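This is the structure, below, for whatever I ask next.
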Amino acid sequence: MGRTTFLLIAGAYYLLAIVAVIIVLYLLKKREKNRVKKEIEELETEKNLVISASMLSELNKVEALVNNDELKKKYKEWQERFKEIKDKDLPKITDAINEIEELFEENNLTDLKELILKTDYELNALKTRAQFLLDEIKELTLSEEKNREIITKLKAEYRSIMSTYQENEADYEIVKVPVELQFENVDKLFNAFEDDMDKNAYTEVGKIVKAIADIIENLKVVMEETKPIVVLGKNLIPSKMEDIQKIYQQMSKEGYNLEYLNIDYNIEEASKKIQDIFQRLNVLNLEDSLFELKTMHDYFDSLYNDFDKEKLAKRVYEDFNRSIIIKTSRLEKVNNELYKKIGDLKYSYDLTDDDVAVISEIKEEINDIHESYDKMVEVARSKILAYTKLAKEMELINAKLLKTEEKLNGALKSLSTLKEDEIRAKEQLEEVKKLLAQAKDKYRSFKLPVIPKNYYVELSEAMQAINEMTKVLDHRPISIKTLNLRVDTARDLTLKVYNTINEAIKTAKMAEAAIVYGNRYRVTNKEVDFGLTKAENLFYKGNFHASLENAINAINIVEPGIYKRILNEYQN
């Protein structure tokens, strides 16, 4: 490809790129203009909707309704506000839109955007004012229809209230005068409503409708709550107060301290409150009356539970009163006996002051429990505390007593263990001596040709251990730890002697029996004769185990299996 061709192609591409950029910029600008144009059209549309036909129509309706000075004044104010929107504010928006269109034609998009935002804000504010004005006007023009609808519902509610009252007139005897007076007021207000509607006095009509609604709402409350208020305030609560007063007086005579319940004061206050509620009921003021009466009723109901708690607490207190004094006396007696034996215990056993300090601690704790108990009994006699509090205090004293009892039981167990260990050691000393004597008797009953070498050594060690054990038992105070160690040593060494003699005699018997059994084969078999002779030599040297093995092996030559039979018999 030549240089000229290359330059032509590059130039063509360059021109195409410029054309493409121009087209893109043109399309973007066109798109932006279309968007701005649409915004201008929307502003124009919104502006035309500010003054709607409905606003003119509603103003015309008001003009036809004007028949008094107050309504005339209101109509005049609305006209002025409408005129200000129509003749002053709306033209400003129109001028702004015209200016926007001029800037659009001039392609001055920078100033155009700023003006569009400002105009849009002002237009929205104007629309809000216009809508607010329309709503105010409609509130008047639609008031007749709205008020008629409300009054219809109120009349239906009123008839229902009247029917309830007439069917249950006896139940409302207490509020008959104020209720019937309110009925008269409602009737008058209904008539006033019709008169004002005929006169188009719509500003007064709203007040009348609200007054009727308030009275009917209050009458509904009266119909609903009067009966339960009368039942609670005249019957249930006074009956409960009387019953509570009787129980309170009876329990007070029986020794119960119920001052913390403030029953007299609360009954007096409740009576005042009930009186106030019925005074307010006379003027049909029932605000919180039923709630207050239910609260009072619940309170007096709860007093029965408080009385039951006091009765139960008295039984608990009396149970603790008996059990604590009995248990304390028993513990005191046991501990005093133990306290007297401290000297003997320290003499008999190797105990330090710290080892027996627990006895003095227990004594102090028992004295403290005695003091607390006596104090509570005195308080109970003076009747200055309720049994619920006395029972709790006695429960705490009993808890301390249980801990002290547990500590005393531990001390008794620990100290009794010392004596038990001493007694057990003496019993085991006798058992060990008896076992050693049995070992000697066995040795004498079966005259072994030779005594095992370790027999005398083990016998000497066992006898020495028994002597050491006897010394510890005879010494005062006894060290239980040392004693237990000596007991274990003496028992182990004596068992060792017994097992040594027992094993030697058993093995010697088996070896002797095997040699006697094999003598029948001596003449017929030289190997058997040789083995048995060797077994005899070992037997007389005191090597009974080797003697037994040689005798069994010799017999096994002529009588296979004899080894297992004799070995099983030996092991068994």
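No value in this document is a laboratory result; all are computed from the given coordinates. Small disclaimer: the values here were computed from a predicted structure and weren't measured.
Assuming 0.36 nm per residue, please report the length gained on full extension of the stretch Asn168 to Lys383 beyond their Cα-Cα distance.
Roughly 72.1 nm would be gained on extension.
For a 19 Å ceiling on Cα separation, which of these pairs sit above it: Lys314/Lys375; Lys433/Lys509; Lys333/Lys392; Lys253/Lys294; Lys176/Lys234?
Result: Lys433/Lys509; Lys333/Lys392; Lys253/Lys294 exceed 19 Å.
Further question: Just to check I understand the Karplus step: with θ = phi - 60° and J = 6.51 cos²θ - 1.76 cosθ + 1.60, what whole-Hz values come out for the stretch 302-307, glycine and proline as x?
Result, ordered by residue: 5, 5, 4, 5, 5, 4 Hz.
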